[in-house]
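Quick notes on the structure that follows.
The values are calculated or read from the model by the stated rules, or taken from the named source; none is laboratory data. Every value quoted in this text rests on a predicted model; they were computed, and no experiment measured them. In this analysis, Cβ positions are derived from the backbone assuming ideal geometry, glycine residues included, and neighbour counts consider all displayed protein chains. The protein model used for the area step is the full one, side chains on, heavy atoms only, and it has no ligands, DNA or RNA in it. Shrake-Rupley method; radii C 1.70, N 1.55, O 1.52, S 1.80 Å.
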2 protein chains.
Amino acid sequence: MTIYDIAKQLNVSPATVSKVINNYPDVSVKTREKVQNFLKEINFHPNAQAQSLSTKKSWMIGVVYYEETGVGLSHPYFSAIIDSFKKSVEAEGYSIHFGSKNSRLMNDNYLDYFRYRNVDGIVVFCTDQNDKQTWQMIESDIPVVVIDMKIDGATTITSDNELGCRMAIDYLVGLGHRKIAHIAGCRGNNWASQVRERGFIEAMTQNQLPILPGFIQYGQDFTFESGYQAMKLLLANSERPTAVFSASDLMAAAAIEAINDAGLRVPEDISVIGFDDIELAKFLKPKLTTIRQNTAELGKNAAKLLVKHIDKIQTEVDFVVPVEFIERQSCKKI
Amino acid sequence: MTIYDIAKQLNVSPATVSKVINNYPDVSVKTREKVQNFLKEINFHPNAQAQSLSTKKSWMIGVVYYEETGVGLSHPYFSAIIDSFKKSVEAEGYSIHFGSKNSRLMNDNYLDYFRYRNVDGIVVFCTDQNDKQTWQMIESDIPVVVIDMKIDGATTITSDNELGCRMAIDYLVGLGHRKIAHIAGCRGNNWASQVRERGFIEAMTQNQLPILPGFIQYGQDFTFESGYQAMKLLLANSERPTAVFSASDLMAAAAIEAINDAGLRVPEDISVIGFDDIELAKFLKPKLTTIRQNTAELGKNAAKLLVKHIDKIQTEVDFVVPVEFIERQSCKKI
DNA sequence: TTTTTTCTTGAAACCGATTTCGAAAACTGA
DNA sequence: TCAGTTTTCGAAATCGGTTTCAAGAAAAAA
């Protein structure tokens with residue numbers, strides 16, 4: 001059933017039907033009601049493709065994330081943000097569509113894909129600063145919002161990582177710790193990882209504490225396994241830390257495991273603090289003290305900013321979402 | 001840049017350009033190469049909407065899941081399946097598009113939405129058997145695959161829940177347990193919950209063990225909180241179980257917590273076994289023995305079946321994916 | 001009542017592809 | 001060389017909407 005069929009049935013023109021659907025003012029009340037009733041009756045929904053073709057608006061938001069870094073759909077941090085993002089854009093009339101490198105299209109980058117689909121905007125997740133594809137998208141004419149990374153010239157949303165680091169270190173210092181080590185997310189271009197490492201260093205400096213040699217160890221893409229290795233290195237260090245600040249909860253979990261495996265206990269021997277507050281955190285033994293990223297707000301604001309960007313109301317903002325300190329049981333007074 | 005522009009540039013007709021793009025045979029080698037080279041040069045991608053409009057094929061797969069039951073995007077079981085599903089359909093040329101009840105469209109059901117978008121197929125997740133919307137979709141002309149539930153007249157994919165239950169109970173029985181209780185997913189129409197409860201009962205019967213009064217307790221949508229309450233009830237029972245088979249890992253985690261809070265220990269006092277093998281399972285103390293659902297296979301086969309369905313190669317299958325027994329440390333010989 | 005203004009309406013062009021079908025061009029073979 | 005085939009090509013219709021604009025109808029002003 002098309003607007004042509006409807007037009008014929010009602011003895012009006014397709015143009016009129018279209019106008020009713022789109023709430024144009026130049027339709028008389030009588031005609032409008034006649035058409036509206038009929039539309040309701042047959043539960044008419046226009047064809048999205050035809051609509052997009054002529055309006056050049058698809059009401060789709062493209063979503064990309066980078067599987068390579070292991071931060072895929074199944075990472076709880078990511079999926080929580082997407083969940084919230086989805087709800088918010090839907091409230092604005094958009095739907096989300098996942099980017100793909102498609103065998104059929106033989107496209108080797110996401111921008112081409114999104115161009116092909118004519119998405120109205122793109123949200124990019126968790127990537128490194130040198131990623132070519134991310135830059136391609138940012139520099140394109142399609143509105144883009146980047147989550148979890150600041151980039152000049154792009155609209156970005158991030159958690160207040162500096163604050164989070166300060167909270168963590170101040171807390172540990174408050175408990176009397178002075179020998180505090182850091183497990184960084186990775187060595188390389190991951191933005192969050194770099195920022196948290198810098199945040200750690202700054203917070204230590206502000207507390208006039210030295211960072212002992214070997215007290216920063218690097219994970220690999222925030223994974224459990226790499227966190228475990230990093231913690232082992234910290235334990236093998238000549239000086240042993242009394243507290244460890246991990247750049248992610250997953251690595252914190254790994255650290256706890258490594259500490260236990262070394263015959264030591266958390267928090268009695270070593271305090272551990274994480275970052276993220278994924279669901280896992282409260283199931284660890286001991287329950288993990290951590291810095292919570294507000295995934296709901298991140299997703300919601302990403303959506304808001306993107307929609308504004310699409311509507312040309314504003315461009316290029318760095319939006320920072322507050323973090324929250326979550327005290328549980330993995331840290332102890334020294 | 002459209003095929004018309006290209007046609008003009010190359011002094012051919014739009015029809016010819018289209019034919020080259022779609023590998024029609026009736027184009028001479030010379031012309032074909034001329035066009036192909038140019039397409040490459042300008043990195044041309046046709047307009048998806050225009051294509052869909054004329055071919056009536058959108059190369060999009062609709063995905064629905066039910067937030068109400070808490071089995072949203074952020075549930076690790078769900079997102080792992082989607083992840084695998086996504087990869088498989090992309091290999092076949094499709095992309096995934098999330099269903100939405102959209103403020104703009106004012107649609108109050110997913111079928112209308114998917115009709116509007118002209119998706120080529122739909123995958124439905126985790127619902128109860130009486131869900132009207134699921135039925136609407138199944139009975140529609142759009143190919144549908146349902147994950148995690150069997151329904152007559154629909155193509156479905158499920159884990160081998162019966163086998164999983166048998167494995168769990170046989171294992172516990174092998175360890176000498178006779179007083180085994182079950183925490184069910186929920187009281188109501190959830191398919192997985194019902195099947196596992198039945199599976200529990202059958203496995204107990206096969207082992208000629210009685211199910212003591214009050215030894216089946218119900219959670220609410222598999223949540224932690226409800227699992228905790230259920231376990232508390234089991235502990236308050238006049239006879240105390242020596243082992244608990246939980247219908248999900250999350251509820252098993254809750255059970256462990258409840259047992260500990262009651263001053264008892266797992267597995268020394270009570271053995272606990274879960275279902276799913278989500279990431280969490282290996283982080284619990286003790287590490288959770290559980291039945292692993294093969295999310296990768298579930299997603300992959302859902303994709304395969306759906307594509308076959310779309311291509312009209314086959315319809316209506318109940319595909320069952322094997323489960324795997326994962327022994328960790330939450331169960332002990334009695 | 002006539003003129004002017006404001007409301008309604010629909011014909012037609014357009015969005016960017018696909019596909020049919022007839023005709024022209026290029027080959028056959030005699 | 002010419003009739004008969006086979007290739008190659010493109011005009012035009014189609015998919016299902018939107019939007020402009022001219023014109024007719026109705027209402028308001030004179």
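Distances between placed amide hydrogens fall under 5 Å for B:Asp318 paired with B:Thr156, all partners being 5 or more residues away or on another chain. Rounded to the nearest 10 degrees, the angle from helix B:191-206 to the longest Cα principal axis of chain B is 40 degrees. For B:Trp135, the solvent-accessible surface with a 1.4 Å probe is about 80 Å², rounded to the nearest 10. Sorting A:Ser52, A:Ser13 by solvent-accessible area of protein heavy atoms yields A:Ser13, A:Ser52, largest first, with a 1.4 Å probe. Using a Förster distance of 25 angstrom, determine the FRET efficiency expected from the C-beta separation of A:Gln329 and B:Ala236, and round it to 0.05. That gives a FRET efficiency of 0.40.
Remark: for residue pairs B:Lys150/B:Lys333; B:Lys232/B:Lys332; B:Lys101/B:Lys287, the C-alpha separation exceeds 30 Å in B:Lys150/B:Lys333; B:Lys101/B:Lys287.
Taking all protein chains together and rolling a 1.4 Å probe, B:Lys285 ends up with roughly 80 Å² accessible. Counting, for every residue in A:89-100, the Cβ atoms of other protein chains within 10 Å of its Cβ and taking the mean gives 6. For region B:11-107, the extents of the C-alpha atoms along the principal axes are 59, 31, 22 Å, listed from largest to smallest.
Amide H to amide H distances under 5 Å link A:Val266 with no residue, where only residues 5 or more positions off or on other chains count and H is placed in the peptide plane.
Centre-to-centre separation between the Cα atoms of region B:102-162 and those of region A:1-48: 29 Å.
Roughly how far apart, in whole Å, are the Cα centres of region B:225-239 and region B:313-334? What the calculation gives is 26 Å, centre to centre. Extents of chain A, largest first, come to 88, 37, 33 Å (Cα atoms, principal axes, whole angstrom). With the whole protein complex present, A:Leu39 retains an accessible surface near 20 Å², based on a 1.4 Å probe. In terms of its alpha-carbon gyration tensor, region A:231-334 comes out prolate; a/c meets the 1.5 threshold, and the first ratio a/b outweighs b/c. Once the Cβ-Cβ distance of A:Trp135 and B:Ile211 is raised to the sixth power relative to R0 = 60 Å, the FRET efficiency obtained is 0.45.
Taking a straight line from the alpha carbon of A:Lys308, these aspartates and glutamates sit under 20 Å away, with near neighbours fewer than eight places off in the same chain left out: A:Asp83, A:Glu90, A:Glu92, A:Asp120, A:Glu139, A:Asp141, A:Asp148, A:Asp152, A:Glu297, A:Glu316, A:Asp318.
The string of couplings for region B:109-120 from the Karplus curve (6.51, -1.76, 1.60, θ = phi - 60°) is 8, 6, 4, 4, 4, 5, 4, 4, 7, 6, 5, 7 Hz, one whole number per residue in order, with x for Gly and Pro. Largest to smallest in accessible area, the residues A:Tyr228, B:Tyr66 fall in the order A:Tyr228, B:Tyr66 (1.4 Å probe, all protein chains included).
Inter-chain Cβ neighbour count for A:76-86, averaged per residue, equals 4 (cutoff 10 Å, partner chain atoms only).
Label zone (B:Glu268, point 7 Å along Cα-to-C-beta; backbone nitrogen cut-off 14 Å) within region A:279-301: none.
Note on surface exposure: B:Thr205, A:Thr134 rank B:Thr205, A:Thr134 by accessible area, highest first, 1.4 Å probe. Pairing chain A with chain B buries about 4900 Å² of accessible area. This figure sums both sides and uses a 1.4 Å probe.
Per-residue ellipticity at 222 nm, computed for the protein assembly as shown from helices alone with -39500 (n - 2.57) per DSSP H run of at least four residues, works out to -13000 deg cm²/dmol. Classify the protein assembly as shown as rounded, prolate or oblate, taking a ≥ b ≥ c as the square roots of the eigenvalues of its Cα gyration tensor: rounded when a/c is under 1.5, otherwise prolate if a/b is larger than b/c and oblate if not. Cα axes put the protein assembly as shown in the oblate bin. Of all lysines in the structure, the ones whose alpha carbon falls short of 16 Å from that of B:Lys19, not counting any fewer than 8 places away in one chain, are B:Lys8, B:Lys30, B:Lys34, B:Lys40. For B:Lys287, the residues 5 or more places off, or on other chains, whose built amide H falls under 5 Å of its own are B:Gln329.
What's the FRET efficiency of A:Val320 with B:Val29 using the Cβ-Cβ distance as r and R₀ = 41 Å, to the nearest 0.05? Computed FRET efficiency for A:Val320 and B:Val29: 0.10. Within the listed set A:Arg117, A:Arg265, A:Arg104, the residue fluctuating most in the Gaussian network model of chain A (springs between alpha-carbon atoms under 10 angstrom) is A:Arg104.
Classification of region A:189-265 by its C-alpha gyration tensor yields an oblate form. The axis ratio a/c (a ≥ b ≥ c) is 1.5 or more, and b/c is at least a/b.
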